[in-house]
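Participant: Can you read through this structure? Questions will come right after.
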Amino acid sequence: MRSYRADLHIHTCLSPCADLEMSPRGIVQTARSKEIDILGICDHNSAENVPAVRDAARPYQISVLAGMEVTSQEEVHVLGLFDHVDSVLKLQEIVYAHLPGENDEDAFGMQPVVNSEGEILRFNEKLLIGATTLALEKVVSLIHSHGGVAIASHIDREGFGIIGQLGFIPEGLPLDALEVSPAMSVETARNKFAPRLPLTPASDAHHLNEIGQASTAFWLADGTVAEIKKALIQEGGRKVMTGEAK
Amino acid sequence: MKVKEIVDKFDLKVLTSPDKLDVEVTGGYASDLLSDVMANSRPGNIWITLQTHQNIVAVARLRNLAAIILVNNRMPDPETIKSAEAEQVPLLTTSEPAFQISGKLYVRLGIKD
């Protein structure tokens with residue numbers, strides 16, 4: 001086992017609010033230069049650019065986790081991270097079936113689906129910036145039933161963070177971890193929220209220069225969701241190293 | 001002004017705690033960010049929101065709110081109703097959006113803050 005540096009929350013150009021420079025190659029090369037071992041690709045309510053980023057990462061020693069940032073009906077953002085592209089695409093089918101509206105490029109931005117070279121294959125026409133009609137509890141249970149880990153996004157942010165939207169983390173909601181944005185240190189978050197779950201800092205990068213601005217150090221045998229799952233419950237020697245007493 | 005009078009006047013549907021409507025309303029608060037409601041609502045306020053998650057019941061209890069009005073005919077999850085019954089929080093619904101019902105409470109009933 002060794003330590004892995006993970007940025008579990010990165011958008012691609014598919015997210016309407018993300019910079020178009022967030023191409024698969026741009027993301028992977030930037031991650032490489034920042035010595036990131038594990039990338040979570042999490043676009044809003046879609047995973048259509050995950051395969052391209054995986055392709056682009058092939059020449060490098062970087063694990064790309066298949067992810068999505070789902071917006072629940074309460075407008076809480078939740079990351080689902082998976083080992084298999086098939087799993088996230090199955091979740092995507094359900095998300096799309098519960099995601100009303102069409103994108104307006106002028107208002108929200110373009111949503112290009114690209115290949116590993118960054119060439120545009122098509123434009124996604126769903127209102128990816130919108131909220132699904134899926135309750136938060138349902139979103140978490142869907143992520144789990146598809147084999148993923150469920151992480152509440154940027155809990156330190158008022159808008160779209162679980163605590164801002166819902167006042168506090170609902171009791172009994174089986175989340176696996178809580179993400180802290182680059183705006184808050186892990187120590188501050190620990191003092192402020194007294195969380196019962198592991199904290200996993202991530203960048204929520206929408207621009208290349210934001211990649212790695214926050215990251216989580218894990219002790220793992222491999223850069224996979226299966227290993228991260230174990231680390232989050234401290235199983236088999238795996239662990240989250242970020243925020244550990246020095 | 002009591003919750004009961006507001007229910008009658010605006011034809012609100014009472015989903016839970018019909019025996020808890022004899023409560024004086026001190027004012028109103030409209031917000032869908034529960035953290036904001038926890039920070040800024042005041043005891044006895046009637047709370048206007050479209051959030052239906054069960055956390056609304058805990059927030060209403062915590063802040064001692066008089067009742068919750070769910071707008072746009074939003075139906076709460078079964079968990080929310082169960083929790084509101086257990087905590088004796090009146091859950092009310094209206095077909096109107098938040099702007100309309102807030103405006104009516106403000107103008108016609110003089111519930112101003």
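Participant: How about region B:1-69: which helices (runs of 4 or more DSSP H) wholly inside it have at least 3 residues that are closer than 24 Å to A:GLN165 by Cβ and in contact with a helix residue (DSSP H, G or I) (Cβ under 8 Å, 6 or more places away or on another chain)? Walk me through it before giving the result.
Facilitator: Details: elements: B:3-10, B:34-40, B:55-62.
In region B:1-69, the matching helices (runs of 4 or more DSSP H) lie at B:34-40, B:55-62.
Participant: May I ask you to list the residues in region B:56-79 that are within 13 Å of another protein chain (Cβ to nearest Cβ) and open to solvent by 60 Å² or more (accessible area, probe 1.4 Å)?
Facilitator: Matches in region B:56-79: B:ARG61, B:LEU62, B:ARG63, B:ASN72, B:ARG74, B:MET75, B:PRO78, B:GLU79.
Participant: Can you pull out every residue in region A:190-221 that is in a loop (DSSP other than H, G, I, E, B), open to solvent by 80 Å² or more (accessible area, probe 1.4 Å) and either free of Cβ contacts under 8 Å to residues at least 12 places away in the same chain or of a type in the set (Gly, Ala, Ser) (or both)?
Facilitator: Taking region A:190-221 first, the residues in a loop (DSSP other than H, G, I, E, B) are A:194-198, A:200-204, A:206-207, A:211-215, A:221.
Subsequent filtering for residues that are open to solvent by 80 Å² or more (accessible area, probe 1.4 Å) retains A:196, A:213.
Selection gives A:ARG196 alone.
Participant: So which residues in region B:83-93 are within 13 Å of chain A (Cβ to nearest Cβ) and either touching a Leu at 6+ places or on another chain (Cβ under 6 Å) or under 14 Å from B:VAL14 (Cα atoms) (or both)?
Facilitator: Residues of region B:83-93 within 13 Å of chain A (Cβ to nearest Cβ): B:83.
Within region B:83-93, none qualify.
Participant: Given the condition more than 11 Å from every other protein chain (Cβ to nearest Cβ), hydrophobic (A, V, I, L, M, F, W, C), open to solvent by 30 Å² or more (accessible area, probe 1.4 Å) and closer than 17 Å to B:MET1 by Cβ, answer yes or no: does some residue in region B:16-34 qualify?
Facilitator: Within region B:16-34, one or more residues are more than 11 Å from every other protein chain (Cβ to nearest Cβ), hydrophobic (A, V, I, L, M, F, W, C), open to solvent by 30 Å² or more (accessible area, probe 1.4 Å) and closer than 17 Å to B:MET1 by Cβ.
Participant: Another question, then. Please determine, by comparing only the residues of region A:143-162 that are in a helix (DSSP H, G or I) and crowded, with 23+ Cβ neighbours inside 10 Å, which one is nearest to the other protein chains (Cβ to nearest Cβ).
Facilitator: Narrowing region A:143-162 to residues in a helix (DSSP H, G or I): A:143-145, A:162.
Then keep just the ones that are crowded, with 23+ Cβ neighbours inside 10 Å; that gives A:143, A:162.
Numbers: A:ILE143: 17, A:ILE162: 10 Å.
Residue satisfying both the conditions and the ranking: A:ILE162.
Residue-by-condition table, conditions (1) in contact (Cβ under 8 Å) with a residue 24 or more places away in the chain; (2) of a type outside the set (D, E, K, R):
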| residue | (1), (2) |
| --- | --- |
| A:ILE151 | yes, yes |
| A:HIS154 | yes, yes |
| A:GLN165 | yes, yes |
| A:GLY172 | no, yes |
| A:GLU235 | no, no |
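Participant: For region B:39-53, name all the residues that are open to solvent by less than 50 Å² (accessible area, probe 1.4 Å) and either within 14 Å of chain A (Cβ to nearest Cβ) or closer than 12 Å to B:ALA98 by Cα (or both).
Facilitator: Initially, region B:39-53 is screened for residues open to solvent by less than 50 Å² (accessible area, probe 1.4 Å), giving B:41, B:44-49, B:51-53.
B:SER41, B:TRP47, B:ILE48, B:THR49, B:GLN51, B:THR52, B:HIS53 - these are the residues of region B:39-53 that are open to solvent by less than 50 Å² (accessible area, probe 1.4 Å) and either within 14 Å of chain A (Cβ to nearest Cβ) or closer than 12 Å to B:ALA98 by Cα (or both).
Participant: Suppose we filter region A:114-142 for residues that are assigned to a loop (DSSP other than H, G, I, E, B) and within 13 Å of chain B (Cβ to nearest Cβ); how many remain? Steps first, answer last, please.
Facilitator: Taking region A:114-142 as the starting set, the residues that turn out to be assigned to a loop (DSSP other than H, G, I, E, B) are A:115-119, A:124-125, A:127-135.
Now drop any that are not within 13 Å of chain B (Cβ to nearest Cβ), which leaves A:131, A:133-135.
Residues in region A:114-142 being assigned to a loop (DSSP other than H, G, I, E, B) and within 13 Å of chain B (Cβ to nearest Cβ): 4 in total.
Participant: Can you find, within region A:7-57, the residue that is nearest to the chain's Cα centre (by Cα) among those that are assigned to a loop (DSSP other than H, G, I, E, B) and surrounded by fewer than 19 Cβ atoms within 10 Å (Cβ to Cβ)?
Facilitator: Restricting attention to region A:7-57, the residues satisfying the condition of being assigned to a loop (DSSP other than H, G, I, E, B) are A:11-23, A:34-37, A:45, A:47-49.
Narrowing further to those that are surrounded by fewer than 19 Cβ atoms within 10 Å (Cβ to Cβ): A:17, A:19-21, A:34-35.
Values: A:CYS17: 15, A:ASP19: 16, A:LEU20: 18, A:GLU21: 18, A:LYS34: 18, A:GLU35: 18 Å.
If we take residues in region A:7-57 being assigned to a loop (DSSP other than H, G, I, E, B) and surrounded by fewer than 19 Cβ atoms within 10 Å (Cβ to Cβ), then A:CYS17 is nearest to the chain's Cα centre (by Cα).
Participant: Among what's in region A:225-243 and is in a loop (DSSP other than H, G, I, E, B) and among the hydrophobic types (A, V, I, L, M, F, W, C), pick the residue that is nearest to A:ILE151 (Cα to Cα). Write out each step before concluding.
Facilitator: Taking region A:225-243 as the starting set, the residues that turn out to be in a loop (DSSP other than H, G, I, E, B) are A:233-238, A:241-243.
With the extra rule that they be among the hydrophobic types (A, V, I, L, M, F, W, C), the set shrinks to A:233, A:241.
Values: A:ILE233: 13, A:MET241: 17 Å.
Restricting to residues being in a loop (DSSP other than H, G, I, E, B) and among the hydrophobic types (A, V, I, L, M, F, W, C), the top hit is A:ILE233.
The values are calculated or read from the model by the stated rules, or taken from the named source; none is laboratory data. The structure displayed is predicted, hence computed values, not measured ones. As a convention, Cβ positions derive from the backbone with ideal geometry for all residues, glycine included, and neighbour counts pool all protein chains shown. What goes into the accessible areas is simple: the full protein's heavy atoms, side chains included, and nothing from ligands, DNA or RNA. Shrake-Rupley method; radii C 1.70, N 1.55, O 1.52, S 1.80 Å.
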